Structures are given as structure tokens and as C-alpha cells.
Amino acid sequence: MARPPRGRIVRLSEGSRGAGNLVRGVSAPRTHHSTAPGRCSPVENGAAQPVIVAIDGPSGTGKSSTSKAVAAQLGLSYLDTGAQYRAITWWMVTNGIDIQDPSAIAAVAGKPEIVSGTDPKDPTITVDGTDVAGPIRGQDVTSKVSAVSAVPEVRSRITELQRSIAASAVTGIVVEGRDIGTTVLPDADLKIFLTASAEARAARRSGELKGADLHTTREALVQRDAADSSRKTSPLAKAGDAVEVDTTELTLTQVIECVVTLVEEKRAGK
Ligand SMILES: Nc1ncnc2c1ncn2[C@@H]1O[C@H](COP(=O)(O)OP(=O)(O)O)[C@@H](O)[C@H]1O
Ligand SMILES: Nc1ccn([C@H]2C[C@H](O)[C@@H](COP(=O)(O)OP(=O)(O)O)O2)c(=O)n1
């Protein structure tokens with residue numbers, strides 16, 4: 001695996017710091033209590049150490065795009081935990097398991113072997129050796145994944161897998177999902193919680209789905225958020241020490257720059 005680059009490290013200027021940890025749609029990171037936009041300035045480069053970054057948030061906030069780009073830029077591994085929940089859901093559907101029956105799901109949760117490739121430039125996902133990267137994005141899996149991922153036996157199995165992948169990442173890893181900062185990796189070096197308006201998220205998703213109806217897409221997103229946020233075990237939630245970044249009015253490039261800056265600031269402080 002490539003070592004993290006030892007190039008320029010930037011940190012937020014003092015003017016951008018504050019007690020809060022919310023970044024809104026501005027061209028550079030700033031905090032809740034700060035009125036002036038933050039500036040990035042060079043600091044001394046320290047020895048690169050493994051860094052664990054947790055990126056959580058609802059669907060369409062930019063977790064996957066941001067995480068992949070940040071990991072690629074910094075020479076880190078990348079893990080899409082949503083793909084793992086989608087993969088186990090695909091296996092349940094393919095094997096005729098009743099999705100409405102949590103005990104039926106729990107009984108077979110240990111059966112599929114899920115393998116995630118963590119190269120941010122070519123992330124992969126297989127179930128029992130079958131490449132499922134395509135099928136897991138289909139409407140059928142998308143509509144069932146919240147029910148499957150709410151089952152505690154599914155979560156404990158996948159959480160264990162995620163922790164072992166993170167522990168074996170030599171240079172560090174960006175892990176994205178819903179409960180990474182709260183449950184999977186509570187000691188992560190940096191926790192980011194991405195948000196965006198439901199309208200912006202639906203517009204992004206329907207763009208991806210080649211003109212899918214905006215209203216229907218928005219309703220489906222809101223419904224999935226509600227299911228993911230209200231489940232008993234490890235719901236979608238912002239960790240108390242996470243930096244919240246509202247991406248509604250940020251370009252993807254701005255979000256990536258913001259997160260890279262925050263990671264490098266952490267690294268420089270190590
Ligand atoms: N800040 C942004 N502005 C505009 N489009 C974005 C932004 N962030 C992500 N996107 C686009 O929105 C879609 C969903 O992004 P994705 O990273 O898959 O979100 P998530 O992983 O949170 O569901 C993708 O097509 C992506 O290119
Ligand atoms: N850490 C995680 C990641 C995803 N999930 C569940 C809940 C989500 O609705 C599904 C799918 O996640 P995914 O990140 O692929 O969804 P989007 O790409 O954001 O639409 O998986 C979870 O419960 N915990």
C-alpha cells in the first residue's frame with residue numbers, strides 16, 4: 001500500500017477556530033461561533049502516522065465521494081460500510097429470507113462471507129466470492145437495506161468486520177457510514193458528520209439515477225433516514241465530538257478540501 005504523501009500540511013487559522021464544530025456552506029472551513037471564513041496556512045510537517053477518519057451522515061450528503069477522494073489524496077484505505085450492509089441484504093434477498101422477519105435474518109446473519117477491497121481508487125465488494133458491486137445498488141436492495149441493517153445480529157457481525165479492517169489498515173483509513181463515530185470506531189482520530197438539505201440530497205441522487213422523479217426520490221430518502229435514525233441498535237447519529245459539515249451549498253471539491261484540511265490538521269497535531 002502507498003505511504004501517505006509527506007507534502008504540504010495545512011491547518012485552520014486561529015480565526016477559524018471556535019468552541020463549536022459546525023461547518024456550513026462556505027468556501028473554507030469555519031466553525032459555528034466564527035463569523036470570518038477560515039483560512040488554511042502551512043505548518044511544520046510531522047512524521048505521517050496511521051490516522052482513522054470516521055465520516056457519517058444520511059444518504060446523499062456526499063460521504064462516499066468525499067471519503068474516496070480524501071483517502072486517495074492522503075494515501076489512506078477506504079471502507080464503504082453501507083456497501084457491506086447492502087451486500088448482506090443482497091444475500092438475504094437472493095436466498096429468499098423473509099425481510100419482514102428479524103429472527104429469520106438473525107438466524108442466518110453469520111452465513112455470507114463479505115469481503116471489502118479498500119483501495120479508494122478501486123473499492124470492491126464480494127459475497128461468497130461473487131462481485132456484487134452492481135446488484136447492491138439496485139432499487140430492491142435499497143428498499144430493504146434499512147430493515148436488514150436494523151437487526152442486532154447483522155450489526156454485530158458487520159461491526160466486527162469493520163473494526164478488523166480498520167485495525168489492519170497500515171497507513172490509516174477513511175470509514176464512512178452511519179454509526180462509525182458513535183459505535184464502530186469511537187476512538188477515531190477525526191469524526192466528520194455530513195449533512196445537506198433533503199432537497200439537495202434528492203437532486204443529487206435523482207441526477208445519479210438518470211432523471212428519477214425528484215419527489216419520489218426525496219420521499220424514499222427521508223423514509224430511509226427516519227428508519228436508520230430510529231432503530232434501536234446503533235442508529236444514524238452524530239457523535240458528540242464530530243465536526244458537522246453542511247454540504248448543501250458546497251461543491252464536492254470544497255467538501256473534499258475541507259475534510260483534507262481537517263485530517264492534516266489532526267496529523268500535524270499528533
Ligand atoms: N457537495 C456536493 N455537491 C454536489 N453534488 C455532490 C456533492 N457531494 C456529493 N455529490 C454527488 O451526490 C451524489 C451522492 O453522493 P455520495 O457521495 O454517493 O453520497 P452518500 O455516500 O452520502 O450517499 C453523487 O453523485 C455525488 O457526486
Ligand atoms: N454504518 C452503516 C452504514 C450503512 N447502514 C445502512 C443504512 C443505510 O440506509 C444503508 C445503505 O447505506 P449506504 O451508505 O450505501 O446508503 P447511501 O449510499 O447513502 O444511500 O445501510 C447502516 O446501518 N450503518
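Figures for the structure shown
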{"item": "Heavy-atom surface of the stretch 169-270, accessible at 1.4 Å and reported per residue (Å²)", "result": "44"}
{"item": "In sequence order, calculated HN-Hα J values of the stretch 151-164 (Karplus, 6.51, -1.76, 1.60; Hz; x Gly/Pro)", "result": "7, x, 5, 5, 5, 5, 5, 5, 4, 4, 4, 4, 5, 6"}
{"item": "Heavy-atom surface of the stretch 78-168, accessible at 1.4 Å and reported per residue (Å²)", "result": "46"}
{"item": "Lysines with Cα under 21 Å of Lys232, excluding same-chain neighbours fewer than 8 positions away", "result": "Lys144"}
{"item": "Phi to ³J(HN,Hα) by Karplus 6.51 cos²θ - 1.76 cosθ + 1.60 over the stretch 237-251, Hz, x for Gly, Pro", "result": "7, 7, 5, x, 9, 8, 8, 8, 10, 7, 8, 3, 10, 9, 6"}
{"item": "Segments 88-95, 201-208 sorted - mean Cβ within 10 Å per residue, highest first", "result": "88-95, 201-208"}
{"item": "Carbon and sulfur %, accessible surface of the stretch 78-168 computed with the full protein complex present, 1.4 Å", "result": "51"}
{"item": "Residue list for the stretch 153-192, given a label point 7 angstrom along the Cα-to-Cβ vector of Lys232 and an amide N cut-off under 20 Å", "result": "153-160, 179, 183-184"}
{"item": "Amide hydrogen neighbours beyond the local backbone of Ser77, cut-off 5 Å, H modeled", "result": "Thr171, Gly172, Ile173, Val174"}
{"item": "For the stretch 202-207, Karplus couplings with θ = phi - 60° (6.51, -1.76, 1.60), whole Hz, Gly/Pro x", "result": "5, 5, 5, 5, 6, x"}
{"item": "Amide hydrogen neighbours beyond the local backbone of Ala133, cut-off 5 Å, H modeled", "result": "Ile125"}
{"item": "The stretch 54-131 versus the stretch 188-204: alpha-carbon centroid distance in Å", "result": "18"}
{"item": "Sites Ser156 and Asp122 - FRET efficiency at Förster radius 30 Å, r taken between beta-carbons, to 0.05", "result": "0.55"}
{"item": "Under 30 Å from the Cα of Lys266 - lysines, other chains or at least 8 residues apart", "result": "Lys63, Lys68, Lys121, Lys191, Lys238"}
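The values are calculated or read from the model by the stated rules, or taken from the named source; none is laboratory data. Note that the structure is a prediction, hence the values are computed from the model and not measured. For neighbour counting, all protein chains shown are included, and Cβ atoms are generated from backbone atoms with ideal geometry for every residue, glycine included. Calculation scope for accessible area: heavy atoms of the full protein, side chains included, ligands and nucleic acids excluded. Shrake-Rupley method; radii C 1.70, N 1.55, O 1.52, S 1.80 Å.
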